[in-house]
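The structure under discussion appears below in the form of structure tokens.
The values are calculated or read from the model by the stated rules, or taken from the named source; none is laboratory data. The structure presented is a predicted model; accordingly, all values stated were derived computationally and were not measured. In this analysis, Cβ positions are derived from the backbone assuming ideal geometry, glycine residues included, and neighbour counts consider all displayed protein chains. For accessibility, only protein heavy atoms count, side chains too; no ligands or nucleic acids. Shrake-Rupley method; radii C 1.70, N 1.55, O 1.52, S 1.80 Å.
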Amino acid sequence: MPRTKKDEDLFDQSSMSFLEHLDELRVCLIGALMSVAVALVVSMIPLGPYPSLTTLSVDYIQRPLKKSLEKYYILQSQEQLQHRIAELRELGYDENISTAPARLNMTAHPYYILPQDLETLRGTGVPVTATTSLPEEERIRRAKLNLVDNFGAYKDEAIRQTSLHTGDDGEPTLILLWEKAKDDMRSRTRALSVQESFMIFLKTALFLGVVLGSPGVFYFFWRFVGAGLYPNEKKYVYRFLPLSVSLFLFGFAMAFFVVFQFMLQFLFRFNSGMNIEPDTRISEWLNFALIVPVTFGAAFQLPLVMFVLERLRIFTVELYMEKWRIAIFSIAVIAMFITPPDPWSLACMLSCLACLYFGGVVLCKIFPLPKTEFDEYED
């Protein structure tokens, strides 16, 4: 009775037995772990007079969050000034005061000050510190600003001329305290425990170990895959290794430089609509910022996964094309679970994976499956 494709042994025409494949798996796993370990150690070593790569990365990973927070508080300042526009007009503020935060890239903090404190501020050039109703932290911050001496540094003429106004009959007067958005303490992340910074350092080092060691990880992965391929197919391992690494890094960059920007803008706008003030913790952000790019990088391996499955005769190009609607639906469901809870991330992941799916089909057609003696038989 003739054999069929179902009777074909995965290791037929291969120089390795099943036990040898298990041994190869062990070697590849150890090699991949060693690649990550070496990259991890390198990332933790200080670079001469400069801090370690891990320390630099912690600051760099926070940049999308800080940038989005700065935009959020600039927008919040504009909304606060817009709500107070009638009161500001009565005090002599310029008509365009509500658009100043975006024009100057600064945040405005409206405060009320008593006339006697205002006179002290004008006469000495030292911000008021005697207003006992203010928190100690705010009084210290005001004392460091020296508003009078720094008014000339502000570029907007209307703000510089109308930053201070006296009140009548001893009533408190509204003033605006300005600072650069990047110096606003609210746009900085916080650590709520002493050991949190150390754990962040270790997590970031492990993250860098995975990213920097990814070429070695993918090399050993494709080496193991090549052990299960026919001898004449092992050449694909060396052809697709650079493509695999490139797809991973492209997915990683897509998440970090594109997805984060739209995702954070959407989430902060949602916070503003719900009247909820964000209190960003560094540990929560890093957990999020480290997982999402790696997830995108792994998901972008879809064309190569499709190619391997087609080479193992689990799927065919015809089946890929016939069931593409089901495949896209499955991709959408998977993307819904592995992306953050915002429509931008889901749309970006879905559109990219849909394109990569058809890219996988093209890849299988460019490198067609070689004919074997079993192709003449039906299943």
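Observations, loosely collected:
- Being over 30 Å from Phe220 (Cβ atoms), modelled with pLDDT under 80 and not acidic (Asp, Glu) is a description that does not apply to Leu65.
- Any hit, the stretch 292-310, residues being touching a Lys or Arg at 6+ places or on another chain (Cβ under 9 Å) and either open to solvent by 70 Å² or more (accessible area, probe 1.4 Å) or among the basic types (Lys, Arg) (or both): no
- Ala332 falls short on exactly one of the conditions (1) touching a Leu at 6+ places or on another chain (Cβ under 6 Å); (2) surrounded by 18 or more Cβ atoms within 10 Å (Cβ to Cβ); (3) modelled with pLDDT of 85 or more, and that condition is (2).
- Tally of residues being farther than 19 Å from Phe240 by Cα and buried (at least 19 other Cβ atoms within 10 Å of the Cβ) across the stretch 311-329: 2
- Residues that are of a type in the set (A, V, I, L, M, F, W, C), in contact (Cβ under 8 Å) with a residue 12 or more places away in the chain and either open to solvent by 60 Å² or more (accessible area, probe 1.4 Å) or not in a helix (DSSP H, G or I) (or both), drawn from the stretch 54-68: none
- Subset of the stretch 335-371 [under 24 Å from the mean Cα position of the chain (by Cα) and open to solvent by 40 Å² or more (accessible area, probe 1.4 Å)]: Met336, Phe337, Ile338, Pro341, Pro343, Trp344, Leu346, Ala347, Leu350, Ser351, Cys355
- Selection status of Leu249, closer than 21 Å to Thr189 by Cα, part of a helix (DSSP H, G or I) and either open to solvent by less than 20 Å² (accessible area, probe 1.4 Å) or without any contact (Cβ under 8 Å) to a residue 60 or more places away in the chain (or both): no
- Scanning the stretch 1-57 for residues that are β-branched (Val, Ile, Thr) and at pLDDT below 65 turns up just one, Thr4.
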